[in-house]
Amino acid sequence: MSHPIDDIKDDLSPDFEAAFRQLIAERLYKKGETISSMTDMRNHLFYIMSGSARVYYISGGKEHTYSFAFENEYISLSYPLLKDSDYVTTIEFLEPTLVATVSFEKIQSLMRRYDPVSIGFVLKEMFKGLMKQMSILEERILVLQTYSANEKFDWIINRYPKIFGRANLTQIASYLGMTKETLYRIRSGKYGASAQRK
């Protein structure tokens with residue numbers, strides 16, 4: 001289990017590290033517990049210390065999985081969706097999950113009190129984590145646009161090897177842009193060239 005500033009604490013002064021850690025709230029969420037965009041979700045960063053989560057939005061009465069996140073990752077949120085009042089965006093925890101949360105407002109407050117070098121180390125680490133999530137989302141767009149159903153299946157099990165033990169078929173199928181039935185057939189070896197898969 002890691003804390004979001006563990007990788008940079010050696011570059012921080014002890015007083016700054018202590019001050020920053022005090023701003024970060026930790027909470028253990030139960031399986032199935034949610035955070036809705038009806039709260040101030042858009043003003044926070046969420047880092048998974050252990051466990052897993054998915055982000056979904058509802059359109060036309062149907063859930064659409066936007067992203068998954070696992071231990072040592074930030075939860076990727078769609079800020080355009082959060083700003084659109086026609087959509088309700090939700091973080092759902094797929095198992096007991098320990099989350100570290102910090103608000104942008106508190107980060108800004110810290111920036112006014114400490115030297116820019118220390119702040120720079122913190123922002124750099126957060127930026128790296130968020131860029132990783134953005135890279136996965138961009139990769140997913142390519143997968144959705146150009147991959148066959150079998151290739152999408154191969155991609156997700158390589159990207160998230162343990163996902164089938166954490167998310168259900170409906171959630172994963174939604175993320176891959178296919179039906180639950182198609183995903184089931186691929187997994188069971190009854191779909192096209194996937195017949196040799198187990």
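Miscellaneous remarks
- The one condition in (1) over 30 Å from Ser13 (Cβ atoms); (2) of a type in the set (S, T, N, Q); (3) open to solvent by 80 Å² or more (accessible area, probe 1.4 Å) that Gln171 fails to fulfil: (3)
- Residue within region 114-132 that is at pLDDT 80 or above and assigned to a helix (DSSP H, G or I) present: yes
- In region 9-26, the count of residues that are open to solvent by less than 30 Å² (accessible area, probe 1.4 Å), in contact with a Gly (Cβ under 9 Å, 6 or more places away or on another chain) and at pLDDT below 90 is zero.
- Taking the conditions (1) open to solvent by 60 Å² or more (accessible area, probe 1.4 Å); (2) modelled with pLDDT of 90 or more; (3) not in a helix (DSSP H, G or I) in turn, Arg185 satisfies each one other than (3).
- Filtering region 60-113 to residues that are at pLDDT below 75 and open to solvent by less than 40 Å² (accessible area, probe 1.4 Å) leaves Leu81, Leu82.
- Subset tally (residues that are at pLDDT 95 or above and open to solvent by less than 20 Å² (accessible area, probe 1.4 Å)) for region 30-47: 0
- For region 130-147, filtered to residues that are more than 17 Å from the chain's Cα centre (by Cα) and free of Cβ contacts under 8 Å to residues at least 24 places away in the same chain, the residue that is most open to solvent (accessible area, probe 1.4 Å) is Gln145.
The values are calculated or read from the model by the stated rules, or taken from the named source; none is laboratory data. None of the values given here were measured: they were computed from a predicted structure. All Cβ positions, glycine included, derive from the backbone under ideal geometry; neighbour counts span all protein chains shown. Remember, those area values only see protein heavy atoms, side chains included, never the ligands or the DNA or RNA. Shrake-Rupley method; radii C 1.70, N 1.55, O 1.52, S 1.80 Å.
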